[in-house]
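Read the structure below first, then the notes.
The values are calculated or read from the model by the stated rules, or taken from the named source; none is laboratory data. No experiment lies behind these values; they were computed from the predicted model shown. With ideal geometry, Cβ positions are generated from the backbone for all residues, glycine too; neighbour counts draw on all protein chains shown.
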Amino acid sequence: MISGRDGNSGCHWYAMRDLSRSNAKAPAYKVLADMQFELFTPMVRRPFTVMGRSVSREVPFIPDLLFVHSERERLNAAVERMVNLQYRYVRGGFCEPMVVRDADMEKFIRAVRSSENPRYYLPEEITPEMYGRKVRIVGGELDGYEGPLLSVRGSKYKRLLIALPNFLTAAIQVQADLVEIIK
């Protein structure tokens, strides 16, 4: 969903809150996508039982979190029309919406989309023991990415931690031959 930009400095990645119920037919991320907004919400596969059959569906990892890339005025109009959509505000700031830097958001989205099964962690779920060696990826889709490896005992895969500060962290599976340890 990352599209070319025309250099408009008024566009930002806003963190939004979707107050729709988990079983809503039209959650905010679907409505905004239909309205041609550029958005991202971290999705995971979860099993459900429908009419006695087990099915797997993609659902948001955090049901009320989505990121929308837009000008503030255009997004304000959508927020006014949708009763279940709100801005997330900075703590201690008076009505200052949370904004994620473009570079951080695009790096995170690119990393998540490069992996078939990213694992997401909330900030409070990541412990200091989970941070492994600092590495750089050389080659492949994530060429140039740097960060710590996820340190989990018994894991046969190498996973790079990519953080979206104050929101969540994604563990992306990387090929062992592309990993270079930084000293």
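Residue-by-condition table, conditions (1) among the hydrophobic types (A, V, I, L, M, F, W, C); (2) in the same structural domain as Gln173 (by TED's automatic domain parsing); (3) closer than 20 Å to Leu160 by Cα:
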residue: Val59; (1), (2), (3): yes, no, no
residue: His69; (1), (2), (3): no, no, no
residue: Glu80; (1), (2), (3): no, no, no
residue: Val83; (1), (2), (3): yes, no, no
residue: Tyr87; (1), (2), (3): no, no, no
residue: Phe108; (1), (2), (3): yes, no, yes
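Looking only at residues of the range 127-151 that are touching a Gly at 6+ places or on another chain (Cβ under 9 Å) and exposed (fewer than 14 other Cβ atoms within 10 Å of the Cβ), we find that the one that is nearest to Phe61 (Cα to Cα) is Lys134.
Filtered by the rule that a residue be in a loop (DSSP other than H, G, I, E, B), surrounded by 16 or more Cβ atoms within 10 Å (Cβ to Cβ) and within 13 Å of the chain's Cα centre (by Cα), the range 113-126 gives Ser115, Pro118.
Considering only residues in the range 88-112 that are among the β-branched types (Val, Ile, Thr) and buried (at least 18 other Cβ atoms within 10 Å of the Cβ), the one that is nearest to Leu65 (Cα to Cα) turns out to be Val100. Considering Tyr157, Tyr145, the condition of being closer than 22 Å to Arg45 by Cα, over 13 Å from the mean Cα position of the chain (by Cα) and not assigned by TED's automatic domain parsing to the domain that holds Tyr29 is satisfied by Tyr157 alone.
Figure legend. Inter-residue proximity from the range 136-154: first residues in contact (Cβ under 8 Å) with a residue 24 or more places away in the chain, second residues in a loop (DSSP other than H, G, I, E, B) and among the hydroxyl-bearing types (Ser, Thr, Tyr), beta-carbon distance below 7 Å, spacing 6+ or different chains. Indicated pairs: Ile137/Tyr145. Please go through the range 36-57 and pick out each residue that is loosely packed, with under 15 Cβ neighbours inside 10 Å, over 18 Å from Ala111 (Cα atoms) and not β-branched (Val, Ile, Thr). If the condition is that a residue be loosely packed, with under 15 Cβ neighbours inside 10 Å, over 18 Å from Ala111 (Cα atoms) and not β-branched (Val, Ile, Thr), then Gln36, Arg46, Pro47, Phe48, Met51, Gly52, Arg53, Ser54, Ser56, Arg57 are the ones that fit.
Of the strands (runs of 3 or more DSSP E) lying entirely inside the range 1-70, those carrying at least 2 residues that are modelled with pLDDT of 90 or more, within 22 Å of Cys95 (Cα to Cα) and touching a strand residue (DSSP E or B) at 6+ places or on another chain (Cβ under 8 Å) are 11-18.
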